[in-house]
Amino acid sequence: MRIEITKGLVLLTQTNRDNSKLQTLFPAGEYDANLTSDGNIEVVSKEKISAFFSFSQFREKVSQGEFVVVEN
């Protein structure tokens with residue numbers, strides 16, 4: 001699916017290369033989002049850095065207007 005982040009957010013992320021965790025700025029814009037095998041939602045930046053959310057965390061971001069689902 002595609003989501004839009006409506007304002008720049010600093011999110012806890014994980015790199016695909018070494019699984020290290022760090023704080024990363026996700027500027028406002030559209031991003032790919034995927035359902036993971038363990039039931040989380042992965043939001044992927046252009047640099048292939050991922051932020052992971054549970055369904056309840058994702059739903060909270062949508063209800064607060066920080067995320068908008070653009071395409072399923």
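Every read-out reported here was derived from the displayed coordinates using simple, explicitly stated rules and does not represent laboratory data. All values reported here derive from a predicted model rather than from experimental measurement. Backbone-built Cβ (ideal geometry, glycine too); neighbour counts: all protein chains shown.
Compared with the alpha-carbon gap, the fully stretched path from residue 4 to residue 25 is longer by 6.1 nm at 0.36 nm per residue. Only Lys, Arg, Asp and Glu carry charge here, each on its Cβ (+1 for the first two, -1 for the last two); on that basis the chain has a dipole of about 140 debye about its Cα centre.
For the pair residue 64 and residue 48, the difference between a 0.36 nm per residue extended length and the Cα-Cα distance amounts to 3.2 nm. What label, among (1) 16.9, 46; (2) 11.3, 32; (3) 11.3, 35, belongs to Rg and Dmax of the Cα atoms in Å computed from the structure on display? Only one listed value fits the structure, namely (2).
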